[in-house]
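Below is one structure, written out as C-alpha cells; comments come after it.
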Amino acid sequence: MKNYTYIVGIDEVGRGPLAGPVMVAAFCVPEKSQKKVLEELEGITDSKKLTKKRREDYAAKIKSLEQDGLLKVSISAVSAKLIDQEGIVPAINSAVRSSLKKLNINPAEVFIYLDGGLRAPASYDQETVIKGDSKIWQIGAASVIAKVLRDRKMIEYAKKYPEYGFEKHKGYGTKLHRENIQKYGICDIHRKSWIKSQ
C-alpha cells in the first residue's frame, strides 16, 4: 500500500428501520496519529457488539481526540422523506459522498475502508470489507459514532412524537412500533414506502 496521509473508516446506521434517518459517519485519522488514536480507543468494534454505555464512552473519547486535533469526524443524515424519494441505496451513497466532502481532504491523500456494501466515489482508493465494523477498527469507530448520534436523534424525535416509543426501539420494526403505527397511523419521520411494502 502506498503511503497515505489519512485513513478513513465509513459506516452507516439505520438502514433497516421503519422510521428515522440513515446516518453515515466518516472517521478520518492522519497516518501519523493512528497509533495514538488506536491506543485511546482500544477495543472499539461494531457498535452492535457494545453496550450503550461503552458506545457513549467511546463517542466522548472520539470527541475529545477530535478537539485535540488527532482526528476528524463527519456525519451525514438522510431523512425518511429522501429515502422514500430516492430509495435506500442511492440515499446512502449520497450520504457517503456528503460525509467525504465535509472532511475537505484531497482524495489522492486518502485510503478508505467501507463496511458491507458501501462504496465511495471512484476518485478515492478504497476497500469494502464485509463485516468491516468488526474487522477494521476505523470502520468500528465510524459505526459507534453513527449509532450514538442516530440514537440521540431518535430520542429527540420521541419527545415530538411520544405515542410511537421511538426512545425504546429507535424506529426499528418491533412489535410495539408496529402496534403503535396501527393505532396512530404514520408521522413525518416514517418511511412511507417501507411501511406500505410490509
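What's the FRET efficiency of K175 with S123 using the Cβ-Cβ distance as r and R₀ = 45 Å, to the nearest 0.05?
0.50
Normalised by the number of residues in region 6-155, what is the relative contact order in percent for Cα pairs under 8 Å and 6+ residues apart?
39
With respect to the cross-link table entries K131/K159; K101/K159; K102/K160; K61/K168; K131/K160; K72/K147, which display a Cα-Cα separation exceeding 27 Å?
The answer is K131/K159; K101/K159; K102/K160; K131/K160.
Kyte-Doolittle cut-off 0.5, length cut-off 15 Å along the helix's own axis using Cα: show which whole DSSP H helices in the chain pass.
Those that pass (Cα extent of 15 Å or more, hydropathy at least 0.5) are 88-103.
Which residues in region 175-198 place their backbone N less than 12 Å from a point set 7 Å from the Cα of S79 along the Cα-to-Cβ direction?
188-190
Working out 0.36 nm times the residue gap between N3 and K196, then minus their Cα-Cα distance, what length gain in nm do you get to one decimal?
Length gained between N3 and K196: 64.6 nm.
Highest first, please rank the peptides 67-74, 150-157 by the mean number of other Cβ atoms sitting within 10 Å of their residues.
Sorting 67-74, 150-157 by mean packing, highest first, produces 150-157, 67-74.
Could you pull out every one of the aspartates and glutamates with an alpha carbon less than 18 Å from that of K175, ignoring same-chain neighbours closer than 8 positions?
Output for K175: E163, E167.
Grab the Cα-Cα distance for K131 and E163, subtract it from 0.36 nm times how many residues apart they are, and report the gain in nm with one decimal.
8.1 nm
Can you check what the net charge comes to around L176, using other residues whose Cβ is under 13 Å from the Cβ of L176 (Lys, Arg +1; Asp, Glu -1)?
+2
So what is the 222 nm mean residue ellipticity for the chain from helices alone, if each DSSP H run of at least 4 adds -39500 (n - 2.57) and you divide by all residues, rounding to the nearest 500 deg cm²/dmol?
Rounded to the nearest 500, it is -14000 deg cm²/dmol.
List the aspartates and glutamates whose Cα lies under 12 Å from the Cα of K170, skipping any in the same chain that are fewer than 8 positions away.
The qualifying aspartates and glutamates are D151, E156.
How high is the FRET efficiency between R15 and R54 when r is their beta carbon distance and R₀ equals 22 Å, given to the nearest 0.05?
0.50
With Cβ to Cβ distances under 10 Å as the rule, what net charge do the other residues near S76 carry (K, R +1; D, E -1)?
+2
FYI, it's all coordinate maths here, none of it is from the lab. In this text the structure is predicted, and so the values were computed from the model without any measurement. Cβ atoms come from the backbone with ideal geometry, glycine included; neighbour counts cover every protein chain shown.
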